[in-house]
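Data first, discussion second: the structure below is written as structure tokens.
The values are calculated or read from the model by the stated rules, or taken from the named source; none is laboratory data. Remember, predicted model here, so these are calculated numbers, not experimental data. Reconstructed Cβ throughout: ideal geometry from the backbone, glycine too, with neighbour counts over all protein chains shown. Heavy atoms of the whole protein, side chains included, go into the accessibility calculation; ligands, DNA and RNA do not. Shrake-Rupley method; radii C 1.70, N 1.55, O 1.52, S 1.80 Å.
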Amino acid sequence: MATTFTWKIAELERETSDGYVYTAHWRVDATDGTYKAGAYGSQGLDRPDTLVPFADLTETQVVGWVKDKLGADRVTQIETALDNQITEQKTPTKATGKPWSG
């Protein structure tokens, strides 16, 4: 099974005077069957030439802004790190414990 990545917006920070969203708090969840990993971050956004009314924003649109601002390389790094976490869950290379009881 391949890892699926789902990008979401957890919260937006905006100016109340005109609805300009200046920070988006994002989350990405990675899933591969029963294995899961996640990441969270915040991204500052530039003021656009034309503002989309706050009430008209969609999550897909804002996720696009976040990914554009992060850049393709950073998005790939985040998703690769999550994929690596899932791989570690599936086939652990590290463990804890002791070889004796008590």
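Select from the range 5-32 the residues that are open to solvent by 40 Å² or more (accessible area, probe 1.4 Å) and not polar (S, T, N, Q) and list them in ascending order.
Phe5, Lys8, Ala10, Glu11, Leu12, Glu13, Arg14, Glu15, Asp18, Tyr22, Arg27, Asp29
From the list Ala81, Ala30, which one is in contact with a Leu (Cβ under 8 Å, 6 or more places away or on another chain) and in contact (Cβ under 8 Å) with a residue 24 or more places away in the chain?
Going through Ala81, Ala30 in turn, just one is in contact with a Leu (Cβ under 8 Å, 6 or more places away or on another chain) and in contact (Cβ under 8 Å) with a residue 24 or more places away in the chain: Ala30.
For the range 82-99: of the residues being in contact with a Ser or Thr (Cβ under 8 Å, 6 or more places away or on another chain) and among the hydrophobic types (A, V, I, L, M, F, W, C), which is surrounded by the most Cβ atoms within 10 Å (Cβ to Cβ)?
Here the residue is Leu82.
Is it the case, given these coordinates, that Gln61 is at pLDDT 95 or above and farther than 15 Å from Ile9 by Cβ?
Criteria not met by Gln61.
Provide a single number: the residues in the range 34-48 that are of a type outside the set (S, T, N, Q) and either surrounded by 12 or more Cβ atoms within 10 Å (Cβ to Cβ) or touching a Pro at 6+ places or on another chain (Cβ under 7 Å) (or both).
Residues that pass the stated criteria total 7.
Report, by residue number, each residue of the range 22-57 that is within 30 Å of Thr3 (Cα to Cα) and part of a loop (DSSP other than H, G, I, E, B).
Listed by number, the residues that qualify are Gly33, Thr34, Leu45, Leu57.
Would you check which residues across the range 2-16 are part of a loop (DSSP other than H, G, I, E, B) and of a type in the set (A, V, I, L, M, F, W, C) and list them?
Ala2
Tell me the residue from Glu59, Glu79 that is open to solvent by less than 60 Å² (accessible area, probe 1.4 Å), of a type outside the set (Phe, Trp, Tyr) and out of contact with any Asp or Glu (no Cβ under 6 Å at 6 or more places or on another chain), please.
Glu79
Scan (1) part of a loop (DSSP other than H, G, I, E, B); (2) out of contact with any helix residue (DSSP H, G or I) (no Cβ under 6 Å at 6 or more places or on another chain) for the single condition Gly19 breaks and write down its number.
(2)
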